C-alpha cells in the first residue's frame with residue numbers, strides 16, 4: 001500500500017468514525033432547518049464540494065462571477081454606505097432628522113414617504129385621511145420637496161428614495177429642486193426604488209396595472225440613461241418579498257426574475273444592455289438565519305453575473321456586478337421585549353457585511369411599535385459603526401469563502417433559485433407569472449407555513465413563543481406623529497393651489513395625458529409639470545385616466 | 001361542525017396600508033378553522049368595508065391596520081356600521097397599534113385588539129368565545 005492510499009484511508013476512517021459517533025449520540029429534540037426550511041447538514045466536509053470548481057465558482061473579488069464581492073478591495077478601500085431610512089411628519093420634521101443623521105456620521109440619505117405619497121394621493125385627498133405623515137414624510141408638491149432637502153448639499157450626499165408607483169413624479173420633483181439649487185443633473189447621485197414588479201408581488205403600492213406600471217419604470221430607466229447618468233433609476237427589491245413572508249430562495253429568485261423583466265423591457269425599448277445595466281441596483285432583506293443570509297448574497301452576485309453575461313450578452317463588467325443595498329428584516333423584530341431587537345439587528349447586519357453589501361440600513365428596536373425615535377435610530381447606526389470599526393470582520397474580503405458549508409450552501413441556494421426562474425420563464429416571464437398570481441401565492445404559502453411553525457413551537461421567536469414575560473410594559477419611549485401634521489399639510493397645499501399658475505398646470509397635465517396616449521416617454525412631461533407645481537396627486541390622476549386603476553385580487 | 005363554525009367574518013384592509021402578510025394569515029387560519037371568511041383585499045374606504053359587511057351579512061368585522069390610522073379608521077367604521085343598522089356586528093382588529101391607544105379603541109367599541117406576535121390559535125379561540133351569530 002502506498003503512502004498516499006494510506007492517507008486517504010485515514011481520512012475516510014476519520015469520516016466514518018465521526019459518522020458513527022454522531023449517529024450514536026443523543027441529539028437535542030430541535031428543528032435543524034434554516035428559518036426558510038432548508039435542511040442543514042450537521043457537518044459539511046470536502047464531500048459537500050464534490051464537483052465544485054473553486055476557480056470558476058468562487059474566483060476572486062472584482063472578477064467574474066463575483067461570488068466574493070464586486071470590488072477587488074471591498075471594505076479595505078471603502079466601507080459600505082450607512083444609510084438609515086428616515087421620514088415622518090412634515091417635510092420640515094424629516095429635514096431635521098436628515099441633518100441629525102448626517103451630523104452623526106451617516107453617509108447617505110434614504111427617504112421614507114407616507115402612504116398617500118406612495119400611492120399617488122395628495123395630502124388633501126379623501127383617501128389620505130388619517131395617514132398623512134404617519135409612515136413617512138408627506139410630499140405632495142415641488143414645494144414640499146424643496147423644504148425636505150433645504151440646506152443639504154445635493155452634490156455631496158447620495159440620496160435614496162423609496163417610492164414606486166409615483167416614483168417618476170417624485171424623481172421629477174428632485175430633479176427640478178436640484179436645478180433650482182443650481183446643481184446640474186449629472187452631479188446627482190442616488191437611487192430611486194421604482195420597482196413596480198415587486199409591488200404586485202409583495203409591497204402592494206400601485207396605481208395602474210402591471211403593464212403600464214412597468215412602462216413608466218422603463219421611461220425612468222431610459223431617461224436616466226440619457227440625461228441623469230449618475231443615478232440608479234431602479235432598485236430591484238427583494239426586501240418586501242421577504243417581509244411578505246417568502247423564503248430566502250424565493251426572495252432571491254423573484255428579485256432576479258424582476259431584474260430579468262426590466263432588462264428585457266429596456267432592450268425592447270431599444271436601449272443597449274451596457275447603456276443601462278451598470279446603473280441597475282438591488283435591495284435585499286437580511287434575516288436572522290445568519291449562514292443562509294450570507295450565502296444568499298454570494299449566490300445573488302454569481303447568478304446575476306451569469307444572467308447578464310450569458311442571457312443578455314452584457315460586456316461591460318459593471319453590467320455584470322450586482323450592487324446591493326441591504327436592510328435588516330423588519331418582520332423579524334418583536335413588539336415583546338423590544339430591546340432584544342438590538343441583538344437581532346446586530347446578527348442580521350453582520351450577515352449583510354459578510355455577504356458583501358454596498359450599503360446598509362439597520363432597523364431600530366422600536367420599529368414594530370412605531371416609527372423610530374432619535375435615540376433608537378442612533379443605537380441602530382452605532383451597531384453598524386461597531387461592526388465596521390470594532391469587530392474586525394472588515395479586514396479580510398469574503399472571510400467565509402472556501403468554507404465547506406458556505407460554498408455548498410451558496411450553490412444550493414443558487415440552484416433552487418434558478419429552478420424558480422426557469423419555471424417563471426416557462427410561464428412567459430415575470431409579468432405573466434404575476435398576472436397569474438404565481439409568486440404571490442408561493443409567498444402566501446411560505447408565510448402561512450412559517451406562522452404555523454411558530455404557533456406549534458417548531459420554530460422559536462424569543463420573547464414571543466418562548467421565554468415570554470407576562471404583562472410586560474413597553475420599556476422604551478415611542479415617537480408620536482401629531483394629528484396636526486395632516487391639517488397643516490392640507491392647508492399648505494390649499495395655499496399652494498391658490499398661488500400657482502393654474503392655467504399652466506392644467507396645460508402641463510394635458511401634455512402628460514397626450515404623451516401617455518401617444519406612448520411617449522413621460523419623464524420630460526412630468527418634469528415640466530412639477531416645475532409649474534402640478535401636484536403628485538394630480539399627475540397620478542392622469543395615470544389613472546390614461547392607464548386605469550389596479551384592484552387587489554385579494555389572494556389569501 | 002358546531003354552531004360557531006358557521007359564523008361569517010369579514011376580514012378587511014382599509015385605507016392605503018399595504019401590509020397584508022398578517023391579514024392573509026389570519027384570514028386563512030380562520031377559514032381553516034371552519035369559519036366563512038370574506039377578505040376585502042387592500043385599499044378600501046370605510047364606506048366600502050361597511051357596504052361589504054352589509055351585502056355579505058357578516059357577524060363580525062376584523063380589521064388589520066399597520067398604517068397608524070387606527071384611531072381614525074376603527075371609530076369611523078363602527079360609526080358607519082351603526083348608521084346602517086349593523087351596530088351588533090362584532091368589530092375586532094390587530095396590527096401595529098400602540099398599547100396606549102388600545103383602551104381608547106375599546107371604549108369606542110372595538111372588542112379586541114391583537115398585538116404583533118399573537119398566535120392564530122389565540123385569535124381563533126377569541127372569535128369562538130366572543131362572536132355570536134347576529135339575531136336576524
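The values are calculated or read from the model by the stated rules, or taken from the named source; none is laboratory data. Model, not experiment: these values are computed from the prediction. Here the Cβ is made from the backbone with ideal geometry for all residues, glycine too, and neighbour counts use every protein chain on show.
Scanning the range A:113-128 for residues that are in contact with a helix residue (DSSP H, G or I) (Cβ under 8 Å, 6 or more places away or on another chain) and surrounded by fewer than 21 Cβ atoms within 10 Å (Cβ to Cβ) gives A:124, A:127. Applying the criterion of being part of a helix (DSSP H, G or I) and within 7 Å of chain A (Cβ to nearest Cβ) to the residues of the range B:17-32, the residue that is modelled with the lowest pLDDT is B:21. Return the residues of the range A:121-136 that are closer than 21 Å to residue A:527 by Cα and more than 9 Å from every other protein chain (Cβ to nearest Cβ); say none if nothing qualifies. The answer is A:122, A:123.
Scanning the range A:231-252 for residues that are within 21 Å of residue A:412 (Cα to Cα) and more than 8 Å from the chain's Cα centre (by Cα) yields A:241, A:242, A:245, A:246, A:247, A:248, A:249, A:250, A:251, A:252. Right, residue A:551: surrounded by fewer than 18 Cβ atoms within 10 Å (Cβ to Cβ) and modelled with pLDDT of 95 or more or not? When the stated conditions are applied, residue A:551 does not pass them. The condition of being within 23 Å of residue A:461 (Cβ to Cβ) and in the same structural domain as residue A:157 (by TED's automatic domain parsing) holds for only one of A:410, A:346, that being A:346. Can you run down the residue pairs with Cβ atoms below 7 Å, 6 or more apart or on separate chains, where the first is in the range A:57-70 and assigned by TED's automatic domain parsing to the domain that holds residue A:398 and buried (at least 16 other Cβ atoms within 10 Å of the Cβ) and the partner is at pLDDT below 95 and not in a loop (DSSP other than H, G, I, E, B)? Matching pairs, first to second residue: A:67/A:57.
The listed residues are A:331, A:305, and the only one of them that is assigned to a helix (DSSP H, G or I), over 29 Å from residue A:31 (Cβ atoms) and touching a helix residue (DSSP H, G or I) at 6+ places or on another chain (Cβ under 8 Å) turns out to be A:305. Give the residue, chosen from A:69, A:59, A:47, that is part of a helix (DSSP H, G or I), modelled with pLDDT of 90 or more and over 30 Å from residue A:148 (Cα atoms). Answer to the selection: A:47. Number of residues in the range B:119-135 that are free of Cβ contacts under 8 Å to residues at least 12 places away in the same chain and part of a loop (DSSP other than H, G, I, E, B): the value is 1.
A quick yes/no check of all residues on (1) farther than 24 Å from residue A:290 by Cα; (2) at pLDDT below 95; (3) assigned to a helix (DSSP H, G or I):
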position	(1), (2), (3)
A:212	yes, no, yes
A:215	yes, no, yes
A:218	yes, no, yes
A:221	yes, no, yes
A:236	no, no, no
A:240	no, no, yes
A:245	no, no, no
A:256	no, no, yes
A:261	yes, no, yes
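When you look at residue A:83, is it modelled with pLDDT under 95 and under 17 Å from residue A:355 (Cβ atoms), yes or no? Considered against the rule, which asks whether it is modelled with pLDDT under 95 and under 17 Å from residue A:355 (Cβ atoms), residue A:83 comes out as yes. On the basis of being more than 20 Å from residue A:202 (Cα to Cα), within 12 Å of chain B (Cβ to nearest Cβ), modelled with pLDDT under 95 and not in a helix (DSSP H, G or I), does residue A:482 make the cut? Yes: the conditions hold for residue A:482. Right, residue A:368: in contact with a helix residue (DSSP H, G or I) (Cβ under 6 Å, 6 or more places away or on another chain) and either under 24 Å from residue A:133 (Cα atoms) or within 14 Å of chain B (Cβ to nearest Cβ) (or both) or not? Judged against the criteria, residue A:368 is not a match. One residue alone among A:78, A:96 is in a helix (DSSP H, G or I), surrounded by fewer than 21 Cβ atoms within 10 Å (Cβ to Cβ), out of contact with any strand residue (DSSP E or B) (no Cβ under 6 Å at 6 or more places or on another chain) and free of Cβ contacts under 8 Å to residues at least 40 places away in the same chain, and that residue is A:96.
Residue-by-condition table, conditions (1) facing chain A (nearest Cβ under 9 Å); (2) farther than 19 Å from residue B:9 by Cβ; (3) touching a helix residue (DSSP H, G or I) at 6+ places or on another chain (Cβ under 9 Å); (4) not in a helix (DSSP H, G or I):
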{"site": "B:34", "(1), (2), (3), (4)": "no, no, yes, yes"}
{"site": "B:41", "(1), (2), (3), (4)": "yes, no, no, yes"}
{"site": "B:62", "(1), (2), (3), (4)": "no, no, yes, yes"}
{"site": "B:71", "(1), (2), (3), (4)": "yes, yes, yes, no"}
{"site": "B:77", "(1), (2), (3), (4)": "no, no, yes, no"}
{"site": "B:81", "(1), (2), (3), (4)": "no, no, yes, no"}
{"site": "B:86", "(1), (2), (3), (4)": "no, no, yes, yes"}
{"site": "B:91", "(1), (2), (3), (4)": "no, no, yes, yes"}
{"site": "B:104", "(1), (2), (3), (4)": "no, yes, yes, no"}
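With respect to being surrounded by fewer than 22 Cβ atoms within 10 Å (Cβ to Cβ) and part of a loop (DSSP other than H, G, I, E, B), residue B:116 fits the description. Does residue B:100 qualify as being free of Cβ contacts under 8 Å to residues at least 24 places away in the same chain, surrounded by fewer than 22 Cβ atoms within 10 Å (Cβ to Cβ), within 13 Å of another protein chain (Cβ to nearest Cβ) and over 14 Å from the mean Cα position of the chain (by Cα)? When the stated conditions are applied, residue B:100 passes them. Screening residue A:105 on (1) away from chain B (no Cβ under 14 Å); (2) under 30 Å from residue A:301 (Cβ atoms); (3) crowded, with 18+ Cβ neighbours inside 10 Å; (4) modelled with pLDDT under 95 shows it passes everything except condition (3).
With respect to (1) more than 14 Å from chain B (Cβ to nearest Cβ); (2) under 30 Å from residue B:24 (Cβ atoms); (3) not in a helix (DSSP H, G or I), the lone exception for residue A:552 is condition (1).
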